[in-house]
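Inspection log for the structure reproduced underneath, given as structure tokens.
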Amino acid sequence: MRRMTRDVALWQLRARFAATLSRMYGAEVPAYTTLVEVAAEVNRDHVERHGDAERLGSLERVTAERHGAIRVGSPRELADVADLFAAFGMYPVGFYDLRDAASPVPVVSTAFRPVDPDELERNPFRVFTSVLATGDARFFSDDLRERVERFVAARRLFDPALIATARRIAADGGTDSVTAERFVADAAAAFALSREPIDRAWYDELAAVSAVAADIAGVGSTHINHLTPRVLDIDELYRRMTERGITMIDAIQGPPRTDGPAVLLRQTSFRALAEPRRFREADGTVSEGTLRVRFGEVEARGVALTPEGRARYDAAMAEPDPAAVWHRYFPGTDAELAASGLAYYRGGDPTKPVVYEDFLPASAAGIFRSNLDRETRASDAEGASHYSMAWLSEQIGRVIYDPYELYEKAAQ
Ligand code: OOG
Ligand code: NI
């Protein structure tokens, strides 16, 4: 029988994975380091000035907290991602369909994250993961779909040995320290920006359909698209980044700033920066060029809403000026919010909000859009309706957790 060592637990692997990705991304995207510094300053100042600031998470947890985003080309690639992330105690939660957003993106997504409150407390690292919806004729003609699917099927994002190790670690619930070190390094390296030359004609053909499609299927590998720190005061962060001369997108996505309890998730980002990439031209020569794909995002998290609270949120956001009418939809204190059944609090105690751990499709589409140079063209062909949480779950052979069930449990 194989001897099983668990010197390093899954949550420790997850914490190391997040830290390794953060170092890597900081080296690749220097403005990220500025963002992390400013976020840490904002958090420190906020906790000094507000007695109850840590009710949504300790300064230590919030300042160390990150979410990443990756994009893959097929359900088979997503299944590998699911195997890999399970070794970090991260499981798929929720289903986001970004194809029908105001500015459509040809992907469907889930988020890999810890699901137990204890595990979230140890390290809440999560990765928003999108898969290209090649089966949607509004974006891909039959001919293009076939070529994209062939291209994606022929590439290999992850070494099979890495996935085999991940499966073993997940089954054992941990590993020895030597394996841990190599595994974390190899897993992070799979998300580094590749220096392999990009086929210019192929990339451009896809970019004409959708910049996101080109980023996913125009290249031979995947990469971390952004890594997002969490702040306790996102308006203050926005001001300080702007003061430092960093151009932020026009708006903070999600709920407006209000005097009442923060709900769900607010996000903003700085524009994608031109990064050096190599291209293979039609005549076979390789040239240096740049692509604007990766950006810096930052977020603030509030209390998780119940389905009823979420319906209110959606209604408030459909108003012309959500901030002006917010008080008609949401009470102004935690005590009232806890009593209203609109949000989750541990044991109903207004001092113990259950933090929102997931994403918002409209905000996600806004973040995608704000960082694209051109809008995606969706034709009026019939959209593919088979994409759903059940479909995704079947494709990757795993349960996809319903976020509301997780919040319900956390609140008890
Ligand atoms: C994902 C964009 C969505 C978020 O935080 O809502 C996202 C992507 O750019 O791949 O990360
Ligand atoms: Ni994000």
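The values are calculated or read from the model by the stated rules, or taken from the named source; none is laboratory data. Here the structure is a predicted model, which means the values were calculated and not measured. Here the Cβ positions follow ideal geometry from the backbone for every residue, glycine too, while neighbour counts run over all protein chains shown. Note: accessible area is taken over every heavy atom of the protein model, side chains too, but ligands, DNA and RNA are not part of it. Shrake-Rupley method; radii C 1.70, N 1.55, O 1.52, S 1.80 Å.
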- Item | Residues of segment 293-320 classified as of a type in the set (A, V, I, L, M) and in contact with a Leu (Cβ under 8 Å, 6 or more places away or on another chain), total | 5
- Among strands (runs of 3 or more DSSP E) lying entirely in segment 215-306, which contain 3 or more residues that are within 16 Å of ligand 2 (Cβ to nearest atom)? 226-229, 265-270, 296-301
- Residue count for segment 40-70, restricted to those that are of a type in the set (Lys, Arg) and buried (at least 16 other Cβ atoms within 10 Å of the Cβ): 3
- Message: For segment 89-105: of the residues being in a loop (DSSP other than H, G, I, E, B) and at pLDDT 95 or above, which is surrounded by the most Cβ atoms within 10 Å (Cβ to Cβ)?
- Response: Met90
- Among the candidates Tyr356, Tyr329, Tyr401, Tyr345, which residue alone is touching a strand residue (DSSP E or B) at 6+ places or on another chain (Cβ under 6 Å), open to solvent by 20 Å² or more (accessible area, probe 1.4 Å) and aromatic (Phe, Trp, Tyr)? Tyr401
- Message: Is it the case, given these coordinates, that Asp118 is under 26 Å from Ile367 (Cα atoms) and open to solvent by 20 Å² or more (accessible area, probe 1.4 Å)?
- Response: no
- Going through segment 373-394 in order, the residues found to be in contact with a Pro (Cβ under 7 Å, 6 or more places away or on another chain) and either open to solvent by 40 Å² or more (accessible area, probe 1.4 Å) or at pLDDT 90 or above (or both) are Ala378
